[in-house]
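K.L.:
Let me begin by handing over the structure; questions about it come next.
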Amino acid sequence: MSLAERARRERAIERACGVVAQCRKCEIGATRRNSVYGEGDPCASLMVVGEGPGETEDKLGRPFVGRAGELLDRMLLSIDLPREDVFICNTVKCRPTMDTGTRLANRPPMPDEMRNCRPYLDEQIEIIRPRVILALGAPAAKSFMGEKFSISKQRGQWFEGPLGTPVIATFHPAYILRQTGGAMSEVKRLVWNDLKAVRDRLQAVPDTPPPEQHTLFE
Ligand code: SF4
């Protein structure tokens, strides 16, 4: 990738990020502290898409920070991808919340919020042109594969996404962290298989380095 192309993409992302920062199409646009556009390499081969920012992400304006973010970093490293080599974003750029009476709690994004925000995600895919998209969790997976997609039955399978980009889904790191004991080991085993599928797909392209042996991320 030429330096000029990298610079063009950086400018396009900066512009789009500024537009998102002004956006108030949904009610959550008014309750957020920060919009969370996404971050990473504008020339990334892999784009990771989660469902939406949580409390820490909203506070810092960055995607996948906190415990789930740390686990995502370890998952990516297990397939030789440092976080900074990937582009990480969400289906919605504002934190979806519900008022419990005492505090604002996280909730999954509503269909209309995902619809409103979709042009920003499509624009990110258009700018970055990743070779593979990894969707984390059911809401993100359904946003690409449709409402009938089952994360438990269809994770680890390849689908065709926007601009013909191969898309695969796996469990969200926050879901992995909620498991205990044998259930956690089993979920990790499944996720590791999905990550290997991502690695193999990326390595199917000639300019990538030879595979290294890794054990399951811890
Ligand atoms: S979720 Fe997306 S579309 Fe809705 S207000 Fe936030 S940036 Fe705008």
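K.L.:
Give the peptides 139-145, 6-12 in descending order of average Cβ contacts within 10 Å, highest first.
P.N.:
Details: 139-145: 23.6, 6-12: 14.0.
The densest-packed peptide leads the list: 139-145, 6-12.
K.L.:
Helix-derived [θ] at 222 nm for the chain: sum -39500 (n - 2.57) over DSSP H runs of at least 4, divide by residue count, nearest 500? Could you put the intermediate results ahead of the total?
P.N.:
Working: 9 runs with 101 residues, N = 218.
My calculation for the chain gives -14000 deg cm²/dmol from helical runs alone.
K.L.:
Under 17 Å from the 7 Å Cα→Cβ point of GLU186, by amide nitrogen: which residues of region 135-153?
P.N.:
Only 151-153 fall inside the zone, counting backbone N under 17 Å.
K.L.:
Could I ask something else about it? Can you pull the one-decimal nm distance between simple spin-label points at ARG33 and ARG11, each 7 Å off the Cα toward Cβ?
P.N.:
Output for this residue pair reads 3.4 nm.
K.L.:
Multiplying the sequence separation of ARG107 and SER152 by 0.36 nm and subtracting their Cα-Cα distance, what value in nm do you get?
P.N.:
On the way: separation 45, 0.36 × 45 = 16.20 nm, distance 2.02 nm.
In short, 14.2 nm is gained.
K.L.:
Test of understanding: what is the full-extension gain from ASP85 to CYS23, defined as 0.36 nm times their sequence separation minus their Cα-Cα distance?
P.N.:
Working: separation 62, 0.36 × 62 = 22.32 nm, distance 2.75 nm.
19.6 nm is the gain from fully extending ASP85 to CYS23.
K.L.:
Checking the a/c ratio against 1.5 first, then a/b against b/c, what shape does the Cα gyration tensor give for region 90-188?
P.N.:
oblate
K.L.:
What net charge do the residues around ALA12 carry, taking every other residue with its C-beta under 10 Å from that of ALA12, with Lys and Arg at +1 and Asp and Glu at -1?
P.N.:
Working: positive: ARG8, ARG9, ARG11, ARG15; negative: GLU10, GLU14, GLU123, GLU126.
For residues surrounding ALA12, the net value is 0.
K.L.:
Distance from the Cα centre of region 151-187 to that of region 28-85, in angstrom?
P.N.:
16
K.L.:
Roughly how big is the chain's charge dipole about its Cα centre, with Cβ charges of +1 (Lys, Arg) and -1 (Asp, Glu), in debye to the nearest 20? Could the numbers behind the result be given before it?
P.N.:
Working: 32 positive and 29 negative charges, 93 e Å.
My answer is approximately 440 debye.
K.L.:
Separate question: Count the net charge of all other residues whose Cβ sits under 15 Å from the Cβ of PHE159, scoring Lys and Arg as +1 and Asp and Glu as -1.
P.N.:
Working: positive: ARG131, LYS142, LYS148, LYS153, ARG155, ARG201; negative: GLU147, GLU160, ASP194.
Summing Lys/Arg as +1 and Asp/Glu as -1 gives +3.
K.L.:
Return VAL187, VAL36, VAL86 ranked ascending by Cβ neighbour count within 10 Å, so the fewest neighbours appear first.
P.N.:
Numbers: VAL187 17, VAL36 29, VAL86 20.
Going from least to most buried by this count: VAL187, VAL86, VAL36.
K.L.:
Placing +1 on the Cβ of each Lys and Arg and -1 on the Cβ of each Asp and Glu in the chain, which of VAL65, GLN203, ALA105 has its Cα farthest towards the positive end of the resulting dipole?
P.N.:
ALA105
K.L.:
Treating only the Cβ of Lys, Arg, Asp and Glu as charged (+1, +1, -1, -1), what charge dipole size does region 1-111 show about its Cα centre? Round to the nearest 20 debye.
P.N.:
Values: 18 positive and 16 negative charges, 94 e Å.
Its charge dipole is roughly 460 debye.
K.L.:
Now for a separate question. Rounded, prolate or oblate: which fits the chain, taking a ≥ b ≥ c as square roots of the Cα gyration tensor eigenvalues, rounded meaning a/c under 1.5, else prolate when a/b beats b/c? Numbers along the way, then the final one.
P.N.:
Numbers: a/c = 1.65, a/b = 1.14, b/c = 1.45.
The shape class here is oblate.
K.L.:
Indicate the gyration tensor shape class of region 1-69 (rounded, prolate or oblate), computed on the Cα atoms with a ≥ b ≥ c the square roots of the eigenvalues: a/c under 1.5 is rounded; otherwise a/b larger than b/c is prolate and the rest oblate.
P.N.:
Here region 1-69 falls in the oblate category.
Where a number appears in this text, it was derived from the coordinates with a stated rule and is not lab data. Predicted, not measured: the structure shown is a model, and the values here were computed from it. Quick reminder, even Gly has a Cβ in these numbers, built from the backbone with ideal geometry, and neighbours come from all protein chains shown.
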